[in-house]
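Trainee: I'd like to ask some things about the structure below.
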Amino acid sequence: MNSSMLLSITTFVYALASVLYIGAWTFKKDALAKIGLFTLVAGFTGNTLGIIFRWIESYQIGYGHAPFSNMYESLVFFSWTVAALYLFVEYKYRERIIGAFATPLVFLAIAYASLSPSIGSKITPLIPALKSNWLIAHVITCFLGYAGFAVAFGFSVMYLIKPEKTAPGTLMSKLPSLDIMDELIHQMVMFGFLFLTIGIITGSVWANSAWGTYWSWDPKETWSLITWFIYAILLHLRMMRGWHGRRISWVSIVGFLAVLFTYFGVNLLPGLHSYA
Amino acid sequence: MAKDKSKTGHGNPVWKFFTSVKLTVVVLLLLASTSVIGTLIPQNSSEAFYIQKYGEVFFNLFKTLDIFDMYSAWWFLLLIILLAVNIVVCSIDKLNTTWKIIFPEKIVFNHERFIRLKHREKFDIKDNVSSLQSLYVDFINKKFGQTVTEKGENGVVIFAETGRWTRLGVYVVHLSILFMLAGALMGALWGYKAFVAIPEGVTVDSATLRGSDTKVAFGFEMRCNSFNVSFYDTGQPEEFKSNISIIEDGVETLTKDVIVNAPLRYKGLSFYQSSYGTDSAKNVVLRLTSNESGMGYSFKMDFGQTIDLPESGGKFTLNGFVHGYNFRGHNLGEGFVGTLVYSDTSDHNEINKKLENSATKADTNASTAQETTSVGQSSADGQSSADGQSSADGEKVDSGTEEFTAEKKITPHFHEVEIYIPVKFPTFDKMRRGHFAFEIEDYEKKYYTGLQVTRDPGVWCVYIGFIFMIIGCWITFFMSHQQLCVEIKTNGKDACKIDISGTSNRNSQGMKLRIMKLAAKLQNMQR
Ligand code: HEM
């Protein structure tokens, strides 16, 4: 069993978990969500082992580096962080149905990594610029941040589709109360904001140790800053201008679009950040 | 909270303007949206590039607005200054109020506030008030925070709180931004970025400022002892390494390898591996094949060295290394040049004519063809501007012969001809149809290393900002000022009603869960 195989299987396990969670919601069967949780945990275990195996394999090949060095590896890690964060939220808040809005993101990221023809899954050596312990700190924190924003995005969608008043027993009434969802979005955004902040800072310290400038307005850097500004705006709107619920959900969706652009879109712009 | 502001005595409308969070939101929005421009329009490129790309009209418009260097344009800096003033004014304005909350003269609990709370945990328990009180006070003191017990109707009320100070977290966040901006300002005022290319074995004492021709002196000398680049078997570069020595007053004080991600720092300056290129060559081995005898000869030569050719073929001097050579419109790439002097014999006349033709057409273009490789390219955090700049600067280093003269007749019987021996095309010199065809059998590249030199006396300040930012965010997001109220009421003999409620300045859901857990513990406590 090598890491690629394990990660391919993980992709299907995650797909199954999302289907179960969505099924639990649409058919109003809580039991399905319980199975979904077990499936998700299984997928998460596979995901974890896949990353560890890949790490070991890279040493066996002789390249020897942490598996955070290209688009494929970062997407796999992104799935891992979103899954981890979601599991934590479900554990802490004891809400199951919300998995229907978080697990599809876990699946989509790893499926995109495995299936997109433009993303190579080969283990490649590290170019000199990436040889730094800061790489690990930078990638892990950035992706924890992205994961927070991704889950916040899922919950924002959930918030927006739930009407103010729901008849008992309907699909929408199965969703958590608006207050709880609002709180969840805020918690996820704060989590994401903290880690994006640390991610930008570690990247900046790294840039200073590698190239002598902690900030150089390269497009990827700039876009991460733009994303950071958007979430800072969200926090202030919420704290000081009393924005809640629907309006905050929209801001969080815009923020997540900025995350996606920072992650994928920047590669279309002139610049040198080769991945992640 | 908003109403309290007038009390601080700043009724002044300018002050009010700068305390507003509306301004914050607007400024942040403007910063975010204008920042996009700089990621769409390449920054700091040449005018010619922009004119070609955007046309004359847009070029002029963009230039007026400083779009080509927008992150240091006046209007962008103005936005940043606005943000800074906003933070300062807002913090001063609010700190007064917050301070009073955090350090009140006497902490008072308002039971009414807790009574109004919707979420509460209630249970009955078989015990008397005083034993429950001592049990609960101990527990809450240990697990939650400092308690204050007051007399209530038919029993007691225990208040407790924790994390009052965490209300300061957000000031730490805002202060951290000021530290970063101050650090950036210090860097801009007293720092610089420069570039220096040092050929192997050469000593330098200054670098060229980025974007100008000005030199800055280091205050010491540095020598590049060697440069090495290693490759993976895939052909990707593995490591770029310069061995650098620092020399002060003629004494070597430090020798260190500089690799990407491990710069050399010395006396406030940092030297980063940023590019490299071929400067020249060493240990050149020439191969000569005689057109007359068919014999082959090899010579190991240094630059400037002259050898006597066999078969009375004359003398040959190896002059230098060139980065490019233009032959009938084709660049033949790196090669060596040398001077051949031979005596005239009858059968060479025809060849001479041929030679004259091609030699006039040929000219070198050593500087434009020079190869510079930037080592930051396709990096995770690559810096387009820095790398672009260093390769441009790298071109200034050149060596080797730049001009060829056509064959000269020294005397009627002696000819002097400059010949070019390309590395990549070993049969090229055959075309000259001389006595010998020259080719390069072997040589070693002599590199130069391109180092970026920076001085930034503001970095420490920025880093303090980084640390404050992380600590401040952690406090603000994950810690809160929580207050708890446990009411114990007698309910007949040896029985009590317990009513628990609590508030928090953030994360009410988290607080609710905490209270539920606490209530469960209190209910099941061993007596
Ligand atoms: C890039 C700039 C800024 C960043 C990153 C930032 C960050 C933050 C953060 C993380 C919070 C906590 C939000 C929360 O509790 O969920 C906050 C709160 C706040 N910020 Fe900012 N801020 C910035 C600029 C400003 C400015 C310019 C002002 C000036 C008016 C301001 C005023 C406030 C206020 C009044 C609060 C609420 C404080 C409270 O809880 O009492 N912020 N800010």
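The values are calculated or read from the model by the stated rules, or taken from the named source; none is laboratory data. Nothing here was measured: the structure is a model prediction, and the numbers come from that model. Note that we place each Cβ from the backbone using ideal geometry, even for glycine, and neighbour counts take in every protein chain shown.
Trainee: Residues being in contact with a strand residue (DSSP E or B) (Cβ under 8 Å, 6 or more places away or on another chain) and away from every other protein chain (no Cβ under 14 Å): count how many of those fall in region B:425-455. Give the steps one after another, and end with the answer.
Mentor: Applying the first criterion (in contact with a strand residue (DSSP E or B) (Cβ under 8 Å, 6 or more places away or on another chain)) to region B:425-455 yields B:426-430, B:432, B:434-455.
Next, from what is left, pick out any that are away from every other protein chain (no Cβ under 14 Å): B:426-430, B:432, B:434-448.
The number of residues fulfilling the criteria is 21.
Trainee: Just checking: which of the helices (runs of 4 or more DSSP H) contained wholly in region B:9-64 hold 3 or more residues that are facing chain A (nearest Cβ under 9 Å) and surrounded by 12 or more Cβ atoms within 10 Å (Cβ to Cβ)? If you could, list the steps in order and put the result at the bottom.
Mentor: On the way: elements: B:13-19, B:21-40, B:47-64.
Here the list reads B:21-40.
Trainee: Of the residues that make up region A:124-132, is at least one within 21 Å of the chain's Cα centre (by Cα), under 25 Å from residue B:462 (Cβ atoms) and either β-branched (Val, Ile, Thr) or modelled with pLDDT under 85 (or both)?
Mentor: We begin by selecting, within region A:124-132, every residue within 21 Å of the chain's Cα centre (by Cα); these are none.
Checked against the condition, which is being within 21 Å of the chain's Cα centre (by Cα), under 25 Å from residue B:462 (Cβ atoms) and either β-branched (Val, Ile, Thr) or modelled with pLDDT under 85 (or both), region A:124-132 yields no hits at all.
Trainee: If you check residue B:192 against the conditions, is it more than 30 Å from residue B:440 (Cβ to Cβ) and of a type in the set (Phe, Trp, Tyr)?
Mentor: Values: more than 30 Å from residue B:440 (Cβ to Cβ): yes; of a type in the set (Phe, Trp, Tyr): yes.
Yes; evaluated as a whole, the condition is true for this residue.
Trainee: Another question about this same structure. Does region B:236-246 contain at least one residue that is within 14 Å of chain A (Cβ to nearest Cβ), over 30 Å from residue B:100 (Cα atoms), without any contact (Cβ under 8 Å) to a residue 24 or more places away in the chain and in contact with a strand residue (DSSP E or B) (Cβ under 6 Å, 6 or more places away or on another chain)? Give the steps one after another, and end with the answer.
Mentor: Of the residues in region B:236-246, the ones within 14 Å of chain A (Cβ to nearest Cβ) are B:236-242.
In the following step, the residues that additionally are over 30 Å from residue B:100 (Cα atoms) were identified as B:236-242.
Those still in the list that are without any contact (Cβ under 8 Å) to a residue 24 or more places away in the chain too: B:236, B:238-239.
Cutting the leftovers down to in contact with a strand residue (DSSP E or B) (Cβ under 6 Å, 6 or more places away or on another chain) gives us B:238-239.
Yes: one or more hits.
Trainee: Could you say which residue among B:152, B:163 is in contact (Cβ under 8 Å) with a residue 24 or more places away in the chain and within 16 Å of the ligand (Cβ to nearest atom)?
Mentor: On the way: B:152 fails: within 16 Å of the ligand (Cβ to nearest atom).
It is B:163.
Trainee: Only one of (1) facing chain B (nearest Cβ under 9 Å); (2) within 18 Å of residue A:132 (Cα to Cα) is not met by residue A:236, so which one is it?
Mentor: Status for residue A:236: all satisfied but (2).
Trainee: With the structure loaded, tell me whether residue A:152 is under 30 Å from residue A:179 (Cβ atoms), more than 11 Å from every other protein chain (Cβ to nearest Cβ) and modelled with pLDDT under 90 or whether it fails that test. Please lay out each step first, then the result.
Mentor: Working: under 30 Å from residue A:179 (Cβ atoms): yes; more than 11 Å from every other protein chain (Cβ to nearest Cβ): yes; modelled with pLDDT under 90: no.
In short, no.
Condition check ((1) basic (Lys, Arg); (2) more than 17 Å from the chain's Cα centre (by Cα); (3) modelled with pLDDT of 75 or more) across all residues:
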position	(1), (2), (3)
B:380	no, no, no
B:390	no, no, no
B:430	yes, yes, yes
B:433	yes, yes, yes
B:470	no, yes, yes
B:475	no, yes, yes
B:479	no, yes, yes
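Trainee: A further question follows. Given the criteria within 14 Å of chain A (Cβ to nearest Cβ) and either within 16 Å of the ligand (Cβ to nearest atom) or not hydrophobic (A, V, I, L, M, F, W, C) (or both), does residue B:145 qualify? Walk me through how you get there before you give the answer.
Mentor: Working: within 14 Å of chain A (Cβ to nearest Cβ): no; either within 16 Å of the ligand (Cβ to nearest atom) or not hydrophobic (A, V, I, L, M, F, W, C) (or both): yes.
Answer is no for this residue.
Every residue, every condition in (1) assigned to a strand (DSSP E or B); (2) within 28 Å of residue A:207 (Cα to Cα), yes or no:
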{"residue": "B:217", "(1), (2)": "yes, yes"}
{"residue": "B:233", "(1), (2)": "no, yes"}
{"residue": "B:252", "(1), (2)": "yes, no"}
{"residue": "B:277", "(1), (2)": "yes, yes"}
{"residue": "B:282", "(1), (2)": "yes, no"}
{"residue": "B:287", "(1), (2)": "yes, no"}
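Trainee: Is there a residue in region A:202-225 that is more than 13 Å from the ligand (Cβ to nearest atom), assigned to a helix (DSSP H, G or I), touching a helix residue (DSSP H, G or I) at 6+ places or on another chain (Cβ under 6 Å) and under 17 Å from residue B:473 (Cα atoms)?
Mentor: Scanning region A:202-225, I find at least one residue that is more than 13 Å from the ligand (Cβ to nearest atom), assigned to a helix (DSSP H, G or I), touching a helix residue (DSSP H, G or I) at 6+ places or on another chain (Cβ under 6 Å) and under 17 Å from residue B:473 (Cα atoms), so the answer is yes.
Trainee: Still on this structure: Going through region B:66-102 one residue at a time, which ones are surrounded by fewer than 14 Cβ atoms within 10 Å (Cβ to Cβ) and more than 16 Å from the ligand (Cβ to nearest atom)?
Mentor: Of everything in region B:66-102, those that are surrounded by fewer than 14 Cβ atoms within 10 Å (Cβ to Cβ) and more than 16 Å from the ligand (Cβ to nearest atom) turn out to be B:72, B:74, B:75.
Trainee: Follow-up question, since we're still on this one. Filter region B:481-504 down to the residues that are modelled with pLDDT under 85 and within 14 Å of another protein chain (Cβ to nearest Cβ) and list them by number.
Mentor: none
Trainee: A follow-up question, please. Could you give me the residue pairs with C-beta distances under 8 Å whose first residue belongs to region B:258-271 and is facing chain A (nearest Cβ under 10 Å), whose second residue is assigned to a strand (DSSP E or B) and among the acidic types (Asp, Glu) wherever it lies, and which are 6+ apart or on separate chains?
Mentor: As it stands, the answer is B:259/B:239; B:260/B:239, since those pairs meet every condition given.
Trainee: Filter region B:166-207 for residues that are among the small types (Gly, Ala, Ser), buried (at least 19 other Cβ atoms within 10 Å of the Cβ) and within 16 Å of the ligand (Cβ to nearest atom); which is farthest from residue A:208 (Cα to Cα)?
Mentor: B:169
Trainee: Those residues that are within 16 Å of the ligand (Cβ to nearest atom) and of a type in the set (A, V, I, L, M, F, W, C), I need them from region B:28-44; list them, please.
Mentor: Here is the first cut: in region B:28-44, the ones within 16 Å of the ligand (Cβ to nearest atom) are B:28-35.
The answer is B:28, B:29, B:30, B:31, B:32.
Trainee: Continuing with this model, one more query. Looking at (1) touching a His at 6+ places or on another chain (Cβ under 7 Å); (2) facing chain B (nearest Cβ under 10 Å), can you tell me which one residue A:213 breaks?
Mentor: All conditions pass for residue A:213, except number (1).
Trainee: Something else now. Just wondering, is there one or more residues in region B:88-95 that are touching a residue at least 24 places away in the same chain (Cβ under 8 Å), touching a strand residue (DSSP E or B) at 6+ places or on another chain (Cβ under 6 Å) and either more than 26 Å from residue B:494 (Cβ to Cβ) or basic (Lys, Arg) (or both)?
Mentor: The answer is no; no qualifying residue exists.
Trainee: Just give me the residues in region A:27-69 being under 23 Å from residue A:109 (Cα atoms) and of a type in the set (S, T, N, Q), in sequence order.
Mentor: A:39, A:45, A:47, A:48, A:58, A:69
Trainee: Checking the structure you have, find out if any residue of region A:53-64 is within 14 Å of another protein chain (Cβ to nearest Cβ), more than 17 Å from the chain's Cα centre (by Cα) and modelled with pLDDT of 85 or more.
Mentor: In the first step, residues of region A:53-64 are kept if they are within 14 Å of another protein chain (Cβ to nearest Cβ); the result is A:58, A:61-64.
Now restrict to residues that are more than 17 Å from the chain's Cα centre (by Cα): A:58, A:61-64.
Adding the requirement that they be modelled with pLDDT of 85 or more leaves none.
No, because not a single residue in region A:53-64 is within 14 Å of another protein chain (Cβ to nearest Cβ), more than 17 Å from the chain's Cα centre (by Cα) and modelled with pLDDT of 85 or more.
Okay, residues lined up against (1) buried (at least 20 other Cβ atoms within 10 Å of the Cβ); (2) β-branched (Val, Ile, Thr):
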{"position": "A:11", "(1), (2)": "yes, yes"}
{"position": "A:23", "(1), (2)": "no, no"}
{"position": "A:31", "(1), (2)": "no, no"}
{"position": "A:37", "(1), (2)": "yes, no"}
{"position": "A:68", "(1), (2)": "yes, no"}
{"position": "A:87", "(1), (2)": "no, no"}
{"position": "A:110", "(1), (2)": "yes, yes"}
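Trainee: Only one of A:158, A:181 is among the aliphatic types (A, V, I, L, M) and away from chain B (no Cβ under 14 Å); which?
Mentor: Details: A:181 fails: away from chain B (no Cβ under 14 Å).
The match here is A:158.
One line per residue, one yes/no per condition, for (1) at pLDDT 85 or above; (2) assigned by TED's automatic domain parsing to the domain that holds residue B:227; (3) crowded, with 20+ Cβ neighbours inside 10 Å:
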residue: B:290; (1), (2), (3): yes, no, no
residue: B:326; (1), (2), (3): no, no, no
residue: B:333; (1), (2), (3): no, no, no
residue: B:340; (1), (2), (3): yes, no, yes
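Trainee: Working carefully through the options B:453, B:462, find the one that is surrounded by 23 or more Cβ atoms within 10 Å (Cβ to Cβ) and within 16 Å of the ligand (Cβ to nearest atom). Steps first, answer last, please.
Mentor: Numbers: B:453 fails: within 16 Å of the ligand (Cβ to nearest atom).
The match here is B:462.
Trainee: Under 8 Å by Cβ, and 6 or more places apart or on different chains, what pairs join a residue from region A:226-245 that is more than 12 Å from residue B:26 (Cα to Cα) and outside any helix (DSSP H, G or I) with one that is β-branched (Val, Ile, Thr) and near the ligand (Cβ under 6 Å from one of its atoms)?
Mentor: Note: pairs meeting the criteria are A:241/B:21.
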